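Student: This is the structure I have questions about; it appears just below.
The numbers here are math on the coordinates, done by the rules we state, and not lab data. Every value quoted in this text rests on a predicted model; they were computed, and no experiment measured them. Counting neighbours? That spans all protein chains shown, and the Cβs are built from the backbone with ideal geometry, glycine included.
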Amino acid sequence: MQTGDPMLELLGWLLKATLQMATPLVLTALGGMFSERTGVVNIGLEGMMLVGAFSAVAGTYYSGSPWLGLIIAVLAGGALAGAHAIVCVKFKGNHIVSGTGIILFGMGSTTLGLQVVWGKQGLSDSVERIPEVVIPQIQGVPMLGTAFGSLSPLIYYMFIITVLSWYVLYRTPFGLRIRAAGEDPSTLDAAGVSVEWTRVIGVIISGCLAGLGGAYLSIGFENAFGKGMTAGKGFIALAALIFGNWTPIGCFLAGIFFGFVTGLQFVIPILAPGLVTLTNLVKIIPYALVIVALAGIRRSIPPKGIAIPYEKEKKA
């Protein structure tokens, strides 16, 4: 801990914990936004995060490079999302059922993968973690040095991807197609753009970002994969997506809020070491907020065409 005002240092640790806890939520929520903006519900984010987290560690374990493991995680999440897209878009299957299947697949395949790769049931072997970005110039500065002196590069990627998502969604022709696919697919079709392919691409992007969020957990924050290590973070990301009203900035702010609430559990023991009960209570707040988000979904405004299969009009 940095020397100086203890309260400033405590705030620094809280800010750092907030960023660390928010990163996988924001990345995954942004992914879910791309999918649902095209009209495809993606409750399978939890499963995609799990597969991404496992693939990152397995890729690092075999290649020796955490950066290659990161790429493999993104590809694995995208591949799993591709399967979801085929079921929902091509075969017009039920989005909720398919998403549930993705979650179950993620849980089962990663548990089996632990046994196959490491011969273990609960925790993989340790691998090299993605090196943190160290900024020596601010490490001695109270609060700022604690919060930003040494962070995973994926935290900085979170900020960059949030800005890029906003720009792509609202300032590019591709973003216009994404929004049209979920709001008014018939108009998009009339313009000569494939609604199906637009939706497939949106879902695959969601899987890539969810895989990146999972990779952060296993090789950005930790250095191993643990059975069920996402611990419901995919569902919290889904709640952040709803709280954020399916917008990039909204997803970011909601993810930061959830990260702040989760980060409190690391600060409360320092402020009040004897309040173990309060610490345990704080741990369940994010999950309670998920229920609140889902209960209040009617107050949010989802895309008009969400979960509605698009039938291309046949020419006479």
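Student: Amide H neighbours of Val133 under 5 Å, counting only residues 5+ apart in sequence or on other chains, H built in-plane at 1.01 Å?
Tutor: Answer set, sorted by chain and number: Leu151, Ser152.
Student: While we're looking at this one, here's another question. Cα-Cα over 28 Å: which of Lys92/Lys227; Lys90/Lys304; Lys227/Lys304; Lys92/Lys120; Lys16/Lys227; Lys16/Lys233?
Tutor: Lys92/Lys227; Lys227/Lys304; Lys92/Lys120
Student: Still on this structure, I have one more. In what sequence, highest mean first, do 33-43, 99-109, 210-220, 70-80 appear when ranked by Cβ atoms within 10 angstrom?
Tutor: 210-220, 33-43, 70-80, 99-109
Student: If you don't mind, there's one more thing I want to ask. Can you give me the span-like helices of the chain, meaning DSSP H runs with 20 Å or more of Cα extent along the axis and Kyte-Doolittle mean at or above -1.0?
Tutor: The answer, listed by residue number, is 6-37, 45-63, 66-85, 95-118, 153-171, 195-215, 248-271, 276-295.
Student: What residue among Ile155, Ile284, Ile249 shows peak mean-square fluctuation when the chain is described by a Gaussian network model with Cα springs under 10 Å?
Tutor: In the Gaussian network model the winner is Ile284.
Student: Something else about it: Counting just the Cα atoms, what span does the chain cover along each of its three principal axes? Round to the nearest Å and put the largest first.
Tutor: 77, 44, 39
Student: Sticking with this one: What distance in nm lies between label points placed 7 Å from Cα along the C-beta direction at Thr187 and Tyr156?
Tutor: 4.0
Student: Let me ask something else. Add -39500 (n - 2.57) for each DSSP H run of 4 or more in the chain, then divide by its residues: what number comes out at 222 nm, to the nearest 500 deg cm²/dmol?
Tutor: Value at 222 nm, helices only, nearest 500: -22500 deg cm²/dmol.
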